[in-house]
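Note sheet for the following structure.
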Amino acid sequence: MRAPYRIGLLGLGHVGGALARRLIEDGERVASAAGRPIVLDSIAVARPEGRTAPASLVPADALVKRPHLDAIVELIGGIDPALTYICSALQSGLEVITANKQLIAARGPALAQLGPLRFEASVASAIPIVETLAETLAADRINSLIGILNGTTNSILDAMAAGADYADALADAQRCGLAEADPSADVDAHDPAAKLAILGMLGFRRRIEPSQIERVGIRGLDQRQLVAARERGFVVKLIAAASMTGPGIEADVRPRLIPDDAPLARVAGAMNAISVDAAYAGTLVLQGPGAGPDAAASAVLADLIRAARGTPASAGALLASLADQPVATITPLGLQTPFPAVP
Ligand code: HSE
């Protein structure tokens, strides 16, 4: 077996903890898949005082420059200081694996020019949509992407339609480790807009600025609207959708009314689903756990195994190829397309 692949972990929250458990408790299976052991060498956390950890705790700025490491896994989220740490790791010659959708959406193309960057966990957690777009459908032409890309809001909408109160439903999503550190990223739709920007860049091969995607979150929805929709045969879902329109892109994220016999209506709780309309492959629907510690850790581990095997970082290379493109013009989709918007 080849020499161990040594990693440093930035962040030991819900996802970092789940990843550490997999690496330690399932080490043999991981080594057999990767062709070499993957060793959790060191960890950086924001507040190390009195903290126990499954590897030595070191300061983050030192971790990202440790010469004996092969890769850094960034699971702290947000733009700063994650951006500084990732730049430093890539410039030190380390690979970077991240679940950070906000950072990849906003800075992915420039970052990926610095070195191998992998981010399967940044969109829809356990669903392998990043690799599917970058690798499996590399020679296809993607016409549109429609999906549910946020598990927190999907869970809250389900709970509210069943009679729960918004604040209680949000607190439940936070307890299960679904919500972002600042849950306004979920409920105000910044999170699914960032994920849609990443998918759009990979699918349409155009540079997308996530702040140009119109977003309407779920904060303004009231339980009576959800119950009334259900009585009329609809389920309210937060839909992220994008399509190519020749020179431009139409995209937005907003609550829409889904007929209750449509497949998207049955995507429940923390599940996500993405329908990809590809010119040659046809329509592919990928569905599965889109949030939660084990689901996200599973996608991070998939990237780690690819890195340890020496598989090229195709999605990162694709983003890097867009870095010098002008930003695409984005206009919102119609209020009736792909499904009626909640009035
Ligand atoms: N807060 C995110 C969600 C986590 O609820 O979908 C997974 O990206």
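The values are calculated or read from the model by the stated rules, or taken from the named source; none is laboratory data. Predicted, not measured: the structure shown is a model, and the values here were computed from it. Neighbour counts are summed over all protein chains in view; Cβ atoms, including those assigned to glycine, are modelled from backbone coordinates with ideal geometry. Each accessible area value is taken on the protein alone, full model and side chains, heavy atoms only, with ligands, DNA and RNA left out. Shrake-Rupley method; radii C 1.70, N 1.55, O 1.52, S 1.80 Å.
A few points about this structure:
- With Cα atoms defining each centre, the range 58-132 and the range 240-310 are spaced 21 Å apart in the structure.
- Förster radius 35 Å - calculated FRET efficiency between V327 and K65, Cβ distance, rounded to 0.05: 0.60
- Globularity index of the range 91-151, i.e. its alpha-carbon radius of gyration over 2.2 N^0.38 Å: 1.21
- Descending semi-axes in Å of the range 1-51, equivalent ellipsoid built from Cα gyration tensor: 23, 12, 7
- Per-bin percent of Cα-Cα distances, the range 246-343 [5 Å]: 2, 9, 11, 16, 20, 18, 14, 7, 2, 0
- Positive-end residue, the chain charge dipole about Cα centroid, Cβ charges, pick of L114, G220, A296: L114
- Full extension of the chain between N143 and A279 gives 48.3 nm of extra length, using 0.36 nm per residue less the Cα-Cα distance.
- Cα-based equivalent ellipsoid, the range 145-274: semi-axes from gyration tensor eigenvalues, Å: 25, 17, 12
- For D80, the accessible surface of its heavy atoms amounts to roughly 110 Å² (probe 1.4 Å, protein chains only, rounded to the nearest 10).
- Estimated Rh, the range 125-220: Kirkwood, alpha-carbon pairs, angstrom: 14.6 Å
- Under 21 Å from K237, Cα to Cα: lysines that are on another chain or at least 8 residues apart: K101, K195
- When the alpha carbon gyration tensor of the chain is reduced to an equivalent ellipsoid, the three semi-axes, largest first, read 33, 23, 17 Å.
- Dimensions of the range 51-100 from C-alpha coordinates, computed as largest minus smallest value along each principal axis and given longest first, are 26, 25, 16 Å.
- For the range 1-137, the Cα-based Rg and Dmax, in that order, read 14.5, 48 Å.
- Once you reduce the range 1-36 and the range 168-189 to the center of their Cα atoms, the two points are 27 Å from each other.
- Viscosity 0.890 mPa s, temperature 25 °C, Stokes-Einstein D of the range 201-259 from Kirkwood C-alpha radius, µm²/s: 185 µm²/s
- With both labels modelled 7 Å from their Cα along Cα-to-Cβ, the A181 to A3 distance reads 3.4 nm.
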